[in-house]
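The structure under discussion appears below in the form of structure tokens.
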């Protein structure tokens, strides 16, 4: 018996026992559905997080009072908050003295209400930026233009606003040239950013960008800034980090034995940290799914043993007319694999459907990957092979004379 004959025989047997076949598949369907749904959502999260983290480019890093290592340790965070503030002058020194630093921009942020005429939007992100911010910006301009370095240096009352701010304050007219107010100060809108949508249910278009010197007058000149830096050589970011560290240590009068009183955040460090978190989720998922697959495999094996008993006479007839033991083994093993693979295929479809449904009713994104389809069908087929070998071997070892006497 060749493969196609075995396949045809297996499908006929499965069609003859539809309800039993379906009940047999339930364990595998549940297991594969679970892993596909979770993997699809996690892949969506991975893509979204990578997009957010690398929004400014993989060659951009951030100098702040708090670095990556301190940001996720409560004790280190408390100690980092006592460090001296970073200033716009620090950013200017880095830009002036750094030979491997392409662009340097100080930034500060505060949430505040923004007015446009008699309309108000509450709790917007008001960002103060340095002269080189257009080269490090995470958004593009849809209408108008970015703030110019001259406008920033001279603290001109100009602003770039996000799409949400534009729609809320100026729903019926073009916002370019209109005036907005922040804590009583007037700004002329010179640019509107392209819509960026929402991330995990949080809009990315609720912001106003103004010159940092003006921001410091409105909020606090003593507020610490963060400094975004773009490396001159994208393939050698570490050299740029080392140079920035040296310049800052000199500015802060640190002795060689003293630790840094500032920190760095790089794209790769943030991605590595996120991957460590999701690795734990994957590990827990593998354990849970393995249990479900083992249970599903045991059910497949039991059903196949019942099938062998029910079809003992059929096996005897096949052997009597010339079927070899390996033909019988191939037939029953093919049935077990097809049964499990169909369960895997159904689980893949249900898993994708659940992931899409989750993305529709929650902020969680999803991402369909071809390898997850192969994973679901491959794992279920492997279960069919492992748990189908014993029933198939038992069927192949039946004595044809004894099998023909079976009622």
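A short reminder: the numbers here are calculations on the coordinates, not readings from a lab. No experiment lies behind these values; they were computed from the predicted model shown. Reconstructed Cβ throughout: ideal geometry from the backbone, glycine too, with neighbour counts over all protein chains shown.
Can you tell me how the range 185-250 classifies by the Cα gyration tensor, rounded, prolate or oblate, using a/c under 1.5 as the rounded cut? Oblate, since a/c reaches 1.5 and b/c is not below a/b. Beyond 21 Å, how much of the Cα-Cα pair distribution for the range 84-261 remains, as a whole percent? Looking at the range 84-261, the distances longer than 21 Å represent 52 percent of pairs.
Against the longest principal axis of the chain, how steep is helix 3-16, in degrees 0 to 90 to the nearest 10, with axes from Cα atoms? So the inclination is approximately 90 degrees.
Packing, taken as the mean count of other beta carbons within 10 Å per residue, orders the peptides 226-232, 122-128 from highest to lowest as 226-232, 122-128. In the range 88-142, inverting the average of 1/r over every pair of distinct C-alpha atoms gives 13.3 Å as the Kirkwood radius.
Nearest 0.05, what FRET efficiency do residue 397 and residue 198 give at R0 = 60 Å with Cβ-Cβ as r? With R0 = 60 Å, the Cβ-Cβ based efficiency is 0.45. Between 0 and 90 degrees, the angle of helix 325-361 with respect to the longest Cα principal axis of the chain falls at about 30 degrees. Using only the alpha-carbon atoms, how far is helix 267-310 inclined from the longest principal axis of the chain? Give it as 0 to 90 degrees, nearest 10. Relative to the chain, helix 267-310 is tipped by roughly 10 degrees. Packing, taken as the mean count of other beta carbons within 10 Å per residue, orders the peptides 350-357, 135-142, 203-210, 172-179 from highest to lowest as 203-210, 350-357, 135-142, 172-179.
Based on Cα contacts under 8 Å between residues 6+ apart, the chain shows a relative contact order of 28 percent. Restricting to the chain, what percent of DSSP beta bridges are antiparallel, rounded to 5? Antiparallel bridges: around 80 percent, rounded to the nearest 5. Computed on the Cα atoms alone, the convex hull of the chain gives a volume of 197 cubic angstrom per residue.
Most simply put, the range 153-274 has about 65% antiparallel DSSP beta bridges, counting only bridges with both residues inside it.
Normalising by residue count, the range 295-394 has a Cα convex hull of 100 Å³ per residue.
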